Number of protein chains: 2
Amino acid sequence: MSLNYAKRMDNIKASEIRELLKLTQQPNIISFAGGMPASESFPLEELLKINKDVLENQGTVALQYGPTEGYAPLREAIAKRLEKLSVKAEADNVLITSGSQQGLDFAAKIFINPGDVIVCESPTYLGAINAFKAYEPKFVEVPTDDDGMDMEELDRVLSSNENVKFIYVIPDFQNPSGKTWSVERRKKLVELGNKYNVAIIEDNPYGELRFEGEILPAIKHYDTEGRVAFLGTFSKIFSPGVRLGWVVAEEEFLNKFILVKQGADLQSSTISQLELARFLELYDMDAHIQKIIDLYRVRRDVMLKTMEEEFPKEVKYTYPNGGLFTWVVLPEYMNARELAIKALEKNVAYVPGGSFYPNGGNENTMRLNYSSMNEEKIKEGIKSLAQVIKEALK
Amino acid sequence: MSLNYAKRMDNIKASEIRELLKLTQQPNIISFAGGMPASESFPLEELLKINKDVLENQGTVALQYGPTEGYAPLREAIAKRLEKLSVKAEADNVLITSGSQQGLDFAAKIFINPGDVIVCESPTYLGAINAFKAYEPKFVEVPTDDDGMDMEELDRVLSSNENVKFIYVIPDFQNPSGKTWSVERRKKLVELGNKYNVAIIEDNPYGELRFEGEILPAIKHYDTEGRVAFLGTFSKIFSPGVRLGWVVAEEEFLNKFILVKQGADLQSSTISQLELARFLELYDMDAHIQKIIDLYRVRRDVMLKTMEEEFPKEVKYTYPNGGLFTWVVLPEYMNARELAIKALEKNVAYVPGGSFYPNGGNENTMRLNYSSMNEEKIKEGIKSLAQVIKEALK
């Protein structure tokens with residue numbers, strides 16, 4: 001017996017990260033593979049108090065159905081917090097989603113007919129590639145340098161491809177590359193979006209996790225025509241386990257996300273939304289984020305310093321000013337998928353970088369996460385990884 | 001500026017129920033419109049204890065990412081509880097979803113190419129129609145009587161339509177009709193599924209809420225070839241606000257749901273899954289459900305008795321043995337959408353039945369919910385509604 005599935009199912013493969021994460025659950029593995037926040041940063045005591053407060057004072061509301069758009073005080077608090085990224089928004093511009101992953105799925109659902117084009121950075125977030133693939137798009141990758149996407153190349157791509165529906169970008173501490181776009185490129189991206197009437201999906205899970213320098217205005221800040229949808233999440237600044245993120249867009253555009261949310265799961269968790277709203281009301285989220293930043297900055301320093309000391313000089317990597325990842329480019333003759341098996345034999349895990357290119361290639365790259373392991377393990381893991389790389393040198 | 005959305009967006013309209021619910025949030029409205037469980041049935045005290053327990057003992061796990069498939073002890077507990085409905089399942093057959101609404105979205109995502117056929121009961125659940133429409137199917141409705149779908153007509157439909165991908169049914173206390181399928185029809189449905197190699201999506205949110213008589217085996221019980229996916233939810237027996245449901249299917253079939261879940265939102269809430277698993281471990285879920293049954297049985301009795309006393313004899317309605325709804329058929333010349341406005345003027349709300357027919361028509365019907373209003377309000381609301389109907393009599 002074989003059921004007759006939709007054509008799109010030919011496109012959908014298991015995420016390499018999720019499969020790898022299963023292998024790396026053993027406690028003796030040093031994992032640079034996932035994108036997990038440090039669990040020691042979770043606000044356990046605060047949540048304990050808040051849960052009691054919410055259940056005792058708003059219990060029947062918390063456990064009941066709520067509006068698809070989300071809990072109004074949480075939408076308002078998010079709109080307010082976005083001032084930090086220079087995004088102007090009212091509560092009505094905010095839709096609560098189940099993590100920003102859901103916003104990615106919705107973006108493709110809203111825009112993509114089979115064969116339509118999604119333009120993205122090269123490399124780009126694996127989870128987005130997987131979400132988008134269900135809608136059978138064509139991906140066009142645009143090269144990036146240390147300032148973001150190559151704008152001349154983007155102009156060329158937009159002028160020479162039909163049915164480009166949106167440009168997908170992660171401008172701050174990009175996943176996987178760790179790079180951040182310059183202000184000039186942000187402005188130029190919106191200009192090109194306007195010129196070619198293409199939507200922009202700005203995915204910003206790490207923007208507030210900046211270790212040094214000043215937070216740059218989001219691309220949404222430069223949006224003059226309401227074509228930018230901004231995707232955010234509490235996963236990296238609060239907890240991924242509660243599955244709460246958001247989409248910010250102008251009313252007509254946001255309304256498409258809301259319609260799609262209705263059919264997809266009606267609404268996100270009422271109780272988690274009430275708890276998060278209460279947390280934002282009672283505690284200092286910025287102080288909480290500062291603790292996470294201080295933790296991750298040290299880990300980034302340890303990882304980068306150890307790489308500097310241990311990696312052969314042929315290996316290049318990003319120096320990220322925030323976020324969770326650094327990106328490693330090995331000599332072209334090396335294959336990071338093959339090395340991943342050798343690394344696992346030494347109890348070290350990472351994600352081979354080829355997975356972050358929707359059209360394949362670039363097998364000499366790897367993504368390393370520094371947020372979830374402690375300093376000692378980072379040192380040990382990078383030393384082992386350096387060993388594996390050295391053994392592969394020609 | 002107008003963005004260039006996907007073709008599927010032409011199909012997606014705001015759910016009439018969700019829009020209506022916004023109007024009916026005022027406290028003076030007697031609402032028979034939603035499908036909300038009685039909030040006085042929520043296990044607030046138990047959850048307060050459990051939340052403390054989970055945060056103190058498993059806090060860092062509860063707030064972290066977890067597997068896409070769901071939290072293993074919860075999957076196991078669900079598999080075990082399904083024995084009540086004569087469904088044989090192991091933990092590996094269970095995927096945790098964000099409400100069973102998400103399972104409906106996934107079913108269409110897995111099976112439907114534009115133009116493919118979904119066969120459903122006539123009428124059928126509005127939320128399913130909305131979820132499915134995003135994938136651009138053709139709906140073929142099969143008439144139902146008091147024993148379920150008309151099996152001769154179903155055979156005819158399956159033999160005369162190409163690209164039928166699945167049959168969608170709610171066999172227990174159907175939403176909106178309140179009717180329950182006989183055992184014979186359940187068996188016959190699986191036979192026809194086998195004969196025509198068509199999948200069956202069994203949606204069962206109310207099966208355990210039986211007021212009298214014995215629980216019937218689920219359709220999944222009769223599945224001989226692994227073509228039935230069973231969708232369940234904790235929304236009606238625990239809390240809709242925590243957004244937890246499940247899909248049960250054979251491994252290869254379930255794997256499609258898991259792949260789609262990965263792209264859609266990675267996973268459902270870790271903390272809510274841990275809490276629910278702990279609830280099932282520490283408390284007697286069956287006793288909890290019995291309390292809900294006792295509450296709803298009385299409400300059903302009051303609603304049906306008042307209808308009997310107050311409604312004109314030209315009006316027909318279902319006598320449901322469980323679940324949340326009764327279904328009213330008015331004389332053909334009446335229009336329940338028009339009457340809904342008159343009812344709202346008398347502070348009574350319901351959902352016009354026409355919305356439950358994917359291909360339209362049947363505007364002389366309405367769905368009434370009896371779970372969320374107390375007895376006094378039910379009496380008062382039905383009396384007002386009877387007034388509205390009497391005034392429309394020719």
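The values are calculated or read from the model by the stated rules, or taken from the named source; none is laboratory data. This one's a predicted model, so the numbers in the text were calculated from it and none came from an experiment. Ideal geometry is used to build each Cβ from the backbone, glycine not excepted, and the neighbour counts take in all protein chains shown.
Checked against (1) crowded, with 24+ Cβ neighbours inside 10 Å; (2) under 30 Å from B:S160 (Cα atoms); (3) small (G, A, S), B:A134 passes all but a single condition, namely (1). The single condition among (1) surrounded by 22 or more Cβ atoms within 10 Å (Cβ to Cβ); (2) within 21 Å of the chain's Cα centre (by Cα); (3) not in a strand (DSSP E or B) that A:V142 does not satisfy is (3).
Annotation: A:P27 fulfils all but one of (1) facing chain B (nearest Cβ under 8 Å); (2) of a type outside the set (A, V, I, L, M); (3) within 30 Å of the chain's Cα centre (by Cα); the unmet one is (1). Restricting attention to the stretch B:304-324, the residues being outside any loop (DSSP other than H, G, I, E, B) and not polar (S, T, N, Q) number 9. Residues that are farther than 19 Å from A:Y357 by Cβ and in contact (Cβ under 8 Å) with a residue 40 or more places away in the chain within the stretch A:174-188 comprise just one, A:T180.
Here is a yes/no grid of residues against (1) of a type outside the set (F, W, Y); (2) touching a residue at least 40 places away in the same chain (Cβ under 8 Å):
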position	(1), (2)
B:D203	yes, yes
B:D223	yes, no
B:V228	yes, no
B:S235	yes, yes
B:F238	no, yes
B:L266	yes, yes
B:Q273	yes, yes
B:I289	yes, yes
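Selection within the stretch A:189-198: residues that are touching a residue at least 24 places away in the same chain (Cβ under 8 Å), more than 20 Å from the chain's Cα centre (by Cα) and not in a loop (DSSP other than H, G, I, E, B). The member of this set that is farthest from A:D116 (Cα to Cα) is A:V190.
Yes or no: A:E281 over 26 Å from A:Y370 (Cβ atoms), within 9 Å of chain B (Cβ to nearest Cβ) and at pLDDT 95 or above? For A:E281, the condition - over 26 Å from A:Y370 (Cβ atoms), within 9 Å of chain B (Cβ to nearest Cβ) and at pLDDT 95 or above - is not met.
Filtered by the rule that a residue be of a type outside the set (A, V, I, L, M, F, W, C) and closer than 23 Å to A:G213 by Cα, the stretch A:317-349 gives A:Y317, A:T318, A:Y319, A:P320, A:N321, A:G322, A:G323, A:T326.
Could you tell me which of the residues B:G70, B:G66 is under 20 Å from B:G245 (Cβ atoms), more than 25 Å from the chain's Cα centre (by Cα) and outside any helix (DSSP H, G or I)?
B:G66
Taking B:G207, is it over 17 Å from B:A79 (Cα atoms) and among the small types (G, A, S)? So B:G207 does not fit the description; no. Of the candidates B:L259, B:L266, B:L295, B:L254, the single residue that is among the aliphatic types (A, V, I, L, M), under 30 Å from B:A199 (Cα atoms) and touching a Ser or Thr at 6+ places or on another chain (Cβ under 7 Å) is B:L266. A count restricted to the stretch B:300-313 and to residues that are touching a residue at least 12 places away in the same chain (Cβ under 8 Å) and loosely packed, with under 14 Cβ neighbours inside 10 Å stands at 1. Selection over the stretch A:32-61 of residues that are facing chain B (nearest Cβ under 8 Å) and either charged (D, E, K, R) or within 27 Å of A:G381 (Cβ to Cβ) (or both) gives a count of 9. When A:N11 is tested against (1) touching a Gly at 6+ places or on another chain (Cβ under 8 Å); (2) within 30 Å of A:S159 (Cα to Cα), only condition (1) is not met. Can you pull out the residues in the stretch B:226-235 that are in contact with a Ser or Thr (Cβ under 7 Å, 6 or more places away or on another chain) and either at the interface with another protein chain (Cβ under 8 Å from one of its Cβ atoms) or of a type in the set (S, T, N, Q) (or both)? Of everything in the stretch B:226-235, just one residue is in contact with a Ser or Thr (Cβ under 7 Å, 6 or more places away or on another chain) and either at the interface with another protein chain (Cβ under 8 Å from one of its Cβ atoms) or of a type in the set (S, T, N, Q) (or both), namely B:T233. Pairing residues of the stretch B:24-51 that are in contact (Cβ under 8 Å) with a residue 24 or more places away in the chain and crowded, with 16+ Cβ neighbours inside 10 Å with residues that are among the charged types (D, E, K, R) and in a loop (DSSP other than H, G, I, E, B), at Cβ distances under 6 Å and at least 6 apart in sequence or on separate chains, gives B:P37/B:K236. Pairs linking a residue in the stretch B:241-261 that is on the phi > 0 side of the Ramachandran plot to a residue that is at pLDDT 95 or above and buried (at least 20 other Cβ atoms within 10 Å of the Cβ), with Cβ atoms under 6 Å and 6 or more positions apart or on different chains, are B:R243/A:S269; B:R243/B:S98; B:R243/B:G99. Select from the stretch B:236-261 the residues that are within 8 Å of another protein chain (Cβ to nearest Cβ) and more than 14 Å from B:A107 (Cα to Cα) and write down the one among them that is nearest to the chain's Cα centre (by Cα). Among them, the one singled out is B:P240. Restricting to strands (runs of 3 or more DSSP E) lying wholly in the stretch B:199-264: which have 1 or more residues that are farther than 28 Å from A:D10 by Cα? Where strands (runs of 3 or more DSSP E) fall fully within the stretch B:199-264 and carry at least 1 residues being farther than 28 Å from A:D10 by Cα, they are B:228-233.
Within the stretch B:62-99, being crowded, with 19+ Cβ neighbours inside 10 Å and more than 14 Å from every other protein chain (Cβ to nearest Cβ) holds for B:R75, B:A77, B:I78, B:A79, B:L82, B:L85, B:V87, B:A89, B:N93, B:V94.
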